[in-house]
Amino acid sequence: MPADPDALAAAGVHQEAGDFANSTAVAHPHLSFLGDVFAIPASWLVSNVFSVGDVILVVAALLALHCLCGSRLALARFAAPHAR
């Protein structure tokens, strides 16, 4: 996954040539805004880089969890039948 060099630096991700890299800086990526452009700072325990797609997946998983559990935060039309 192409990553923003500034995001990698902010997350404290250091890469060496030849190592496996899930996210790496690319010279001129196409659609760079879909790459890992956000960073959790290196001062946090879970520092890493992530993309817009990762955020969408987490939001969808939380919404699905609320709907399946019948939470009052769930959307009524997607809620489990027993929760209505």
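Each reported figure results from applying straightforward, stated rules to the coordinates on display, with no laboratory input. Quick caveat: nothing in here was measured; it's all calculated off a predicted structure. Cβ placement follows ideal geometry from the backbone for every residue including glycine, while neighbour counts extend to all protein chains displayed.
What is the sum of charges, Lys and Arg at +1 and Asp and Glu at -1, for the other residues whose Cβ falls under 14 Å from the Cβ of Asn48? Intermediate results must be reported in sequence, preceding the final value.
Details: positive: none; negative: Asp4, Asp36, Asp54.
That sum, taken over residues with Cβ under 14 Å, equals -3.
Using alpha-carbon pairs under 8 Å, 6+ residues apart, how would you state the relative contact order of the chain in percent?
Details: 112 pairs, mean separation 20.4, N = 84.
Once normalised by length, the contact order is 24 percent.
How large is the charge dipole for the chain, taken about the Cα centre, if only the Cβ atoms of Lys, Arg (+1) and Asp, Glu (-1) carry charge, to the nearest 20 debye? All intermediate terms of the calculation are to be shown ahead of the outcome.
Working: 3 positive and 6 negative charges, 157 e Å.
It comes to approximately 760 debye.
So I have [x] 3, 14, 24, 25, 18, 9, 5, 2, 0; [y] 3, 15, 17, 16, 12, 9, 9, 9, 6, 3, 1, 0; [z] 3, 12, 13, 10, 7, 6, 7, 8, 8, 7, 6, 5, 4, 2, 1, 0, and one of them is P(r) over Cα pairs in 5 Å bins from 0, in percent calculated from this model. Which one is it?
[y]
Where in the range 45-59 is the amide nitrogen less than 19 Å from a point lying 7 Å along the Cα-to-Cβ axis of Leu73?
Taking a point 7 Å out along Cα→Cβ of Leu73, the residues of the range 45-59 whose backbone N falls under 19 Å are 54-59.
Apply 1/(1 + (r/R0)^6) to the Cβ-Cβ distance of Val58 and Asp6, taking R0 = 22 Å, and write down the FRET efficiency to the nearest 0.05.
Values: r = 22 Å, r/R0 = 1.01.
Taking R0 as 22 Å, the efficiency between Val58 and Asp6 is 0.50.
Of Ser71, Ser51, Ser23, which is the most mobile in a GNM of the chain whose springs link Cα atoms less than 10 angstrom apart?
In this elastic network of the chain, the residue with the biggest mean-square fluctuation among Ser71, Ser51, Ser23 is Ser71.
Which of the chymotrypsin sites (Phe, Trp or Tyr not before Pro) found in the chain are loop residues per DSSP with 16 or fewer other Cβ atoms within 10 Å of their Cβ? Working shown, then result.
On the way: sites: Phe20, Phe33, Phe38, Trp44, Phe50, Phe78; in loops: Phe20, Trp44, Phe78.
Of the chymotrypsin sites (Phe, Trp or Tyr not before Pro), the ones in loops of the chain whose Cβ has at most 16 other Cβ atoms within 10 Å are Phe20, Trp44, Phe78.
Once you keep just the Cα pairs under 8 angstrom separated by 6 or more residues, what percentage relative contact order results for the range 1-50? Walk me through the intermediate numbers first.
On the way: 80 pairs, mean separation 23.7, N = 50.
Relative CO of the range 1-50 lands at 47 percent.
Using a Gaussian network model on the chain with a 10 Å cutoff between Cα atoms, which of Ala39, Ala25, Ala60 fluctuates the most?
Sorting by GNM fluctuation, first place goes to Ala60.
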